[in-house]
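The values are calculated or read from the model by the stated rules, or taken from the named source; none is laboratory data. Just so it is clear, the structure is predicted and the values come from calculations on it, not from any experiment. Ideal geometry is used to build each Cβ from the backbone, glycine not excepted, and the neighbour counts take in all protein chains shown. These accessible areas exclude ligands, DNA and RNA; they are computed on the full protein's heavy atoms, side chains included. Shrake-Rupley method; radii C 1.70, N 1.55, O 1.52, S 1.80 Å.
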Amino acid sequence: MKPAKFEYHAPSTLDEAIALLVRYGGDAKLLAGGQSLVPLLNFRLARPAALVDLNRIKSLAYIREQDGQVRLGSMTRQRTIEFSPVVARRLPLLREATRWVGHLPIRSRGTIGGSIAHADPSAEYPAVLTALGGEVVVQGPRGRRAVKAADLFEGYLTTSLEPEELLVEVRLPAMPAGAGYAFEEFARRHGDFAIVGIAAMVVREGARCAVARLATAGAGPVPVRLRAAEEILERDGLGDAAVAAAGARAAELVEPDADLHASAEYRRHLTGVLTVRALKRAIAGATS
């Protein structure tokens, strides 16, 4: 199929892009990498009056460290993230998650901001943002504001952004030195959407767990921070019994939906299995 008729704009500045969003009053779509939007257009599941192409706004593509965070411009390509020395050193969980994203052509065009703003709950980047307690910066006609991960995702493909706002930056706290990490995912084939994924980070002090972070992909309408499972590890340590208990608790915390790919019960089971698997790898890689 071909998309329904729309007007096309390619602004070169952020102000121009925002002015176009205001002009169309919520009836415009932003084009970043296009890996999710273009199929929706072609199947006529999205019928915007206009398309606002962000690819000429060069100021939205960067990776830099600032104030204990790694800040990524929304138009930073996933392939750039995959090979960034800053990301490898300060956000290795993000780098590992990136390698699960689709295939090479998708990562070459896809952007971090586009993935997060699209809010597909099975995507890897929303899970990492949730696990690390990151935030995004959005800009609209009334200026900029920061939105915490917990306040960003509202449901399937739905965020708290206003129609005239766009996501301009992703901010993730730099991971502590020596932190162990893992991203585990199950899909029918490599590159397919995740049936369930788990992002994990562990900071250890000897046998003690100083910090644990766990978040899901694909186990519900939004990524879920598994706080009660984290608390088991921070209280009971990093032994096999604590890890098994955290996995069992993780399975209880999610409320997945059923679809043609998997039943809700199967997704719940996978949440527990992948939590244990991710924790074991994260613990093995953590140093005191």
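For the pair ASP27/ARG99, report the inter-label distance in nm, with labels modelled 7 Å from Cα in the Cβ direction. With each label point 7 Å from Cα toward Cβ, the separation is 4.7 nm.
Using a probe of 1.4 angstrom and keeping all protein chains present, the accessible surface of the chain works out to 45 square angstrom per residue. Here the extension length gained between GLU205 and VAL38 equals 55.4 nm, from 0.36 nm per residue of separation less the Cα-Cα distance.
Taking only alpha carbon atoms, segment 75-169 gives an Rg to Rh ratio of 0.96, where Rh is the Kirkwood radius.
Net charge around VAL202, counting only other residues with Cβ within less than 12 Å of its Cβ (Lys, Arg = +1; Asp, Glu = -1)?
+2
About its Cα centre, the dipole of the chain is roughly 780 debye, where the only charges are +1 on Lys and Arg Cβ and -1 on Asp and Glu Cβ. With the simple spin-label model, which puts each label point 7 Å out from Cα in the Cβ direction, the ALA228 to ALA4 separation comes to 4.3 nm. Across the protein chains, with a 1.4 Å probe defining accessible surface, the residues PHE193, PHE186 rank PHE193, PHE186 from largest area downward. Put a plus charge on the Cβ of each Lys and Arg, a minus charge on the Cβ of each Asp and Glu, and nothing anywhere else: the dipole of segment 180-288 about its Cα centre is then about 260 debye. Within a straight-line Cα-Cα reach of under 17 Å, LYS280 can be paired with the following aspartates and glutamates, leaving aside sequence neighbours fewer than 8 residues apart in one chain: GLU96, GLU184, GLU185, GLU205, GLU230, GLU231, GLU234, ASP236, ASP240. The long axis of helix 264-285 is offset from the longest Cα principal axis of the chain by roughly 70 degrees. Taking a point 7 Å out from the Cα of ASP192 in the direction of its Cβ, the residues of segment 211-241 whose backbone N falls within less than 16 Å of it are 218-219. Once the chain from GLU255 to TYR156 is taken as fully extended at 0.36 nm per residue, the excess over their C-alpha distance is 34.3 nm.
The fraction of accessible area contributed by carbon and sulfur in segment 145-255 is 50 percent, rounded to a whole number (1.4 Å probe; ligands and nucleic acids excluded).
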